[in-house]
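Beneath this line is the structure, given in structure tokens, with notes to follow.
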Amino acid sequence: MRVRNKLNVKQIATLTKVGVHSDGGGLYLRVRTTGSRSWLFVYTLHGKRREMGLGSDLDVSLAKAREKAAEARAMVLEGQDPQAERLRAKVAAQPVLTFGKFAIDWLDAIESGFANAKHRQQWRNTLTTYAAPLFPLPITDVTTAAVLEVLKPIWLTKAETASRVRGRIERVLDAAKVKGLRTGENPARGKGHLDLLLPKRPKTEVKHHAALPFREMADFMVELRKRPAMAARALEFTILTAARSGETRGMTWDEVDLEARLWTVPGTRMKAGQTHQVPLSDGAVAILEAVKPAKVKPETLVFPAQRGGAMSDMALSQLLKRMNRGDITVHGFRSTFRDWAGELTQFGREEIEMALAHTIESAVERAYRRGRAVDKRRELMSDWGRYCVERVESGRAPQAGEREAD
């Protein structure tokens, strides 16, 4: 015969024996070796024995413990797990964690790993601008339908932006799942999920940056040199080093070693995240010597904007428009360099790709980079500089590999 209410208040006060003492009905008082005592409810659900703590006897009286045990037994009889129900009630009582709050807190925690401040701001702007309808939703309630409402208005009209928005929402929700805040499939997953629900985008040809034919470089450099603005010097330097615009605009004097004729761009400013060394030709060195002030701090920008600070990403593009060369782009000069090197020189693909700071994939090529890469590229950049600059000075273009007369 099963008996309940075995214990009484006086007994409990004198119980010191280590172990569990039954009150009946699955309720026990556990006494530990430390002398602490707590209530325990033991039950079986779906064939598995489980235990649930009900609190210390200092906080929970015998009567209260029996009341809690009775509530738990009732749940078990209904096929419910009292521990799971208690957890649900606890979560429900907590303030609702929204998608917006979680996303911003998560970004605060990981943004130091982004390449630069611009990338960090782009992430925030993308979410706050386009994913704003998700911000007030509980993180647990973001559904496929909610994500579709965000993406549909921009999926065809702003394809690249929409893809970034989808990917960033997916990452936020993945992080929430890792933290135990979500379960199940990610509603922002693209392949095999949203791609079945969103309209197909029309296929478009890949648009390449409009480039100046290298045989027109001489005439272009003549016109560029006529312009005294700092933007003109920055563009000329960008061309001679085959650099990206942002690398030139963010360049500081501590990256330059004029004696070694070398520009070292830290990985934090490079697209691939790896330090890049650029051998400087005579023309590139001449530009740096011309723009270098008498007194300069290491962190000073080499090509500052007219009103101080860094030039905007539009500064060089606007210069091209003022030169009536809206038909070409700043980035296109890298293609000009590649075309010249491929057609008029004997330099290998390795040197050309490394000069453009492209990632070298094979182990052999990476080993080559660690070897005489800088020396070989010094010859390449010298020939490129002479092709661009000496044609301006002499009126003809030197052939690659041709050297000045002694």
(request) Could you give the size of the charge dipole of the chain about its Cα centre, using +1 on the Cβ of each K and R and -1 on the Cβ of each D and E, expressed in debye and rounded to the nearest 20? (result) 2260 debye
(request) Return the Cα extents of segment 99-196 along principal axes one, two and three, sorted largest first, each rounded to a whole Å. (result) 35, 33, 24
(request) Give the distance, in whole Å, between the Cα centre of segment 192-266 and the Cα centre of segment 126-155. (result) 35 Å
(request) Under a cut-off of 14 Å between alpha-carbon atoms, report the aspartates and glutamates in cross-link reach of LYS118, not counting same-chain residues fewer than 8 places apart. (result) GLU247, ASP313
(message) Under the rule of at least 5 residues apart or a separate chain, name every residue whose amide H is placed under 5 Å from the amide H of THR300.
(response) TRP253, ASP254
(request) About the Cα centre of segment 99-196, how large is the charge dipole given +1 on each Lys and Arg Cβ and -1 on each Asp and Glu Cβ? Please answer in debye to the nearest 20. (result) 180 debye
(request) Per DSSP H run of n ≥ 4, the term is -39500 (n - 2.57); total these for the chain, divide by its residue number, and report the mean residue ellipticity at 222 nm rounded to 500 deg cm²/dmol. (result) -13500 deg cm²/dmol
(message) For segment 275-290 and segment 23-52, what is the centre-to-centre distance using only Cα atoms, to the nearest Å?
(response) 77 Å
(request) Would you work out the charge dipole size for segment 9-93 about its Cα centre, treating the Cβ of every Lys and Arg as +1 and the Cβ of every Asp and Glu as -1, and quote it to the nearest 20 debye? (result) 240 debye
(request) Quick one: grab Rg to one decimal and Dmax as a whole number for the chain, Cα atoms only, in Å. (result) 34.6, 115
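Of the listed peptides 234-247, 24-37, what is their order by residue-averaged count of other C-beta atoms within 10 Å, with the highest listed first?
234-247, 24-37
By per-residue mean of other Cβ atoms within 10 Å, what is the highest-first order of 49-57, 147-155? List each step's numbers first, then the result.
Details: 49-57: 14.6, 147-155: 17.1.
So the peptides 49-57, 147-155, ranked by packing, come out 147-155, 49-57.
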(request) Arrange the peptides 6-18, 326-338, 58-70 so that the one whose residues have, on average, the most other Cβ atoms within 10 Å appears first. (result) 326-338, 58-70, 6-18
(request) List the residues of segment 110-153 whose backbone N lies under 19 Å from a point placed 7 Å from the Cα of LYS271 along the Cα-to-Cβ direction. (result) 114-120, 122-123
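Computed from the coordinates by the stated procedures, all read-outs in this text should not be read as laboratory data. These numbers were taken from a predicted model, which means no experiment stands behind them. Methodologically, a virtual Cβ is constructed for each residue, glycine included, from the backbone with ideal geometry; neighbour enumeration extends over all protein chains shown.
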